[in-house]
Amino acid sequence: MSTENEGTAVPPAPSAPPVPVDSPAASPASPQAGAPDSGAPTTPLPTTPPHAPGAPEQELVHAGQAPAYASAGAGGAQGPQGSHGPQGSQGEGTPGQAPAQGVPGYGTPAQTPQAPDASWPPPPPATPAYADSGSGGAGAGAGAGGWGASYQQPAPKSGRGRGGLMAAVLIAALVAGGLGGGLGYTLAKNDDNGSSTTVSASDSGGDVKREAGTVAGVAAAALPSTVTIEAESSSGEGGTGTGFVFDREGHILTNNHVVADAVDGGKLTATFPDGKKYDAEVVGHAQGYDVAVIKLKNAPGDLKPLTLGNSDKVAVGDSTIAIGAPFGLSNTVTTGIISAKNRPVASSDGTGSNASYMSALQTDASINPGNSGGPLLDSHGNVIGINSAIQSTSSGGLGGSSQSGSIGLGFAIPINQAKYVAQQLIKTGKPVYAKIGASVSLEDSTGGAKITEQGASGSDPVESGGPADKAGLKPGDVITKLDDSVIDSGPTLIGEIWTHQPGDKVKITYERDGKTNTVELTLGSREGDS
């Protein structure tokens, strides 16, 4: 839930203590009153009024292009969403105008904590602490008198006798003070020579060796191979995303929605953490997979591709490290864990259609707009996914639509799938999709993926001679499982099919007339996004 920046007001200043007029000669010093603590303001977040009290709207948002500074902002279409099917989405591939700001509260100024009272701080007491008169004299007097003996006022004597008494008192005070000071110095010296409980570091921060398996070690190795991508359309609209080095030839792997604005005659640049900036071009993009490959122009010869891991071997609870440019803040590193696997997610590239489907890795690593296309790493620094989308609590803040921030629900395309797609894009420039050859309903449901009675654009719902046709599937059949994966909706089925490659054999479990059947089929292929 988004909240406005708020803090605890500074309490009113206490009144100054009264100035003593006739204080006793031997009164102990009062410690000076300390200033009350003021409440620290909470972290500024996008202001987002809930649509209904107690029931914030849930939506899925691309963690994609953050509005480019001095460029255009974000806006897009919201896709379908249900409690059981894939998450709906709000695309941000074509942002609208946004203010140029580098703080998390983009578009909404943070509230300034209440100014202190004009009388703050209170005036100091008239007599400074630990400077009261009579403290030393009191000690001397106690030493002169007998313990328990009553004190009698001595009879007046001549001035010389009174001066002698004062001299004796002064000498006693000096002796007592000297003994106390010497004893205190000796104790402090001995304490400093070995009995102190404070510990000093043997090495300064810059000398600490950070092992490869630590977050700092992984970040140090991966950051030089991560780039901040700026995409701009021919009309000047665009935003910021992230990518990472895929090979030594200069190919950069990222999301489709990050570079969508630059596909047709736009401008594309990639900037490394050392500040080196390169023009780039789109090699190929897959709208359905939300994967794209760009290539650096005049790429340097010392590129270091990130090591690709195995996303099939990832386990829930494994550590994750995300790198990206949230809200334009390049080279940002966040950490978390794998929260879930095979999470069905449907998202948009900003063109107004829910065309991207994934069986995603879910992570609680902080992911925000601008993180899209960046690597999701394991604890060894291997890429296990491409950060792509986030769950959001609201569609906008005050004054219009707005990009929302992380609430700990981020989604990444598994790298095993992205790697296959990238290789196809580099090879042919076009994506290749696995298919069963049947049209299914895209409505959210809990019963499964239903084969429609009518195909897209008037085509047959079951492709003649296709995999589904050969397996005996018919319109009205409800597919409930693909291999061991439960299918609860059409988008879930599509996302699960796209984790496979054409030619893979899969088992389809479906219901017809109240009976459950299982068949095996070989997945076909479709080239391109059309």
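Report the gain in length on full extension from residue 342 to residue 234: 0.36 nm times residue separation, minus Cα-Cα distance, nm rounded to one decimal. Before the final figure, lay out each step's value.
Values: separation 108, 0.36 × 108 = 38.88 nm, distance 3.72 nm.
Result: 35.2 nm gained on full extension.
Just reorder 457, 489 by solvent-accessible area, largest first, 1.4 Å probe, all chains present. Provide the component values of the computation, followed by the final result.
Numbers: 457 130, 489 0 Å².
If we order 457, 489 from most to least accessible, we get 457, 489.
If the cut-off is a Cα-Cα distance under 17 Å, which lysines reach residue 277, setting aside same-chain residues fewer than 8 apart in sequence?
The reachable lysines, counting only those whose Cα sits under 17 Å from residue 277, are 267, 295, 297, 304.
Please give me the summed charge of the neighbours of residue 431: other residues whose Cβ is under 10 Å from its Cβ, Lys and Arg +1, Asp and Glu -1. It would help to have the intermediate numbers written out before the result.
On the way: positive: 430, 526; negative: 527, 529.
Summing Lys and Arg as +1 and Asp and Glu as -1 gives 0.
Relative contact order for segment 473-524: what is it in percent, counting Cα pairs under 8 Å that are at least 6 residues apart?
On the way: 69 pairs, mean separation 19.3, N = 52.
Here the relative contact order equals 37 percent.
Go ahead and run the numbers for FRET between residue 281 and residue 457, Cβ-Cβ distance against an R0 of 35 Å, rounding to 0.05. Numbers along the way, then the final one.
Details: r = 32 Å, r/R0 = 0.91.
Calculated transfer efficiency: 0.65.
Taking a label point 7 Å from the Cα of residue 215 along the Cα→Cβ vector, which residues of segment 376-393 have an amide N closer than 19 Å to it?
376-385, 387
Got a number for the accessible area of residue 335? Probe 1.4 Å, square angstrom, nearest 10.
80
What accessible area per residue comes out for segment 252-361, rounded to a whole number of Å², with a 1.4 Å probe? Walk me through the intermediate numbers first.
Details: 4290 Å² over 110 residues.
Accessible surface, normalised per residue, equals 39 Å².
How much of residue 327 can a 1.4 Å solvent probe reach, expressed as accessible area in Å² and rounded to 10?
The accessible area of residue 327 comes to roughly 30 Å².
What shape does segment 264-370 have by the C-alpha gyration tensor, where a ≥ b ≥ c are the square roots of the eigenvalues, rounded means a/c under 1.5, and otherwise prolate means a/b greater than b/c and oblate the rest? Numbers along the way, then the final one.
Values: a/c = 1.81, a/b = 1.29, b/c = 1.41.
Note, shape of segment 264-370 comes out oblate.
Could you give the length gained by full extension between residue 247 and residue 198, i.e. 0.36 nm per residue of separation minus their alpha carbon distance, to one decimal place? Walk me through the intermediate numbers first.
Working: separation 49, 0.36 × 49 = 17.64 nm, distance 5.06 nm.
The span from residue 247 to residue 198 would gain 12.6 nm if fully extended.
Report the accessible area of residue 380, computed with a 1.4 Å probe over the heavy atoms of all protein chains in place, in Å² rounded to the nearest 10.
Roll a 1.4 Å probe over it and residue 380 shows about 150 Å².
If I stretch the segment between residue 446 and residue 263 completely, what's the gain in nm (0.36 nm per residue apart, minus their alpha carbon distance), one decimal? Numbers along the way, then the final one.
Numbers: separation 183, 0.36 × 183 = 65.88 nm, distance 3.73 nm.
Contour length minus the Cα-Cα distance gives 62.2 nm.
For segment 240-301, divide the Cα radius of gyration by the Kirkwood radius and give the resulting Rg/Rh value with two decimals.
On the way: Rg = 10.9 Å, Rh = 11.6 Å.
Looking at segment 240-301, the ratio lands at 0.94.
Just want to confirm a number: the relative contact order over segment 230-285, from Cα pairs under 8 angstrom separated by 6+ residues, in percent. Please list the in-between numbers first.
Details: 78 pairs, mean separation 19.4, N = 56.
Result for segment 230-285 is 35 percent.
For all pairs of alpha-carbon atoms in segment 374-522, what percent lies in each bin of width 10 Å, listed from the first bin to the last filled one?
Pairs per bin, as whole percents: 10, 30, 29, 22, 8, 1.
Run the numbers on segment 373-530 and let me know its relative contact order in percent, using alpha-carbon pairs under 8 Å that are six or more apart. It would help to have the intermediate numbers written out before the result.
Numbers: 298 pairs, mean separation 31.3, N = 158.
Dividing the mean separation by the residue count of segment 373-530 yields 20 percent.
The values are calculated or read from the model by the stated rules, or taken from the named source; none is laboratory data. Note that the coordinates shown come from a computational prediction; the quantities given were computed from them, not determined experimentally. Cβ coordinates were reconstructed from backbone atoms using ideal geometry, including for glycine residues, and neighbour counts include every protein chain displayed. Side chains included, ligands, DNA and RNA excluded: accessible areas come from the protein's heavy atoms. Shrake-Rupley method; radii C 1.70, N 1.55, O 1.52, S 1.80 Å.
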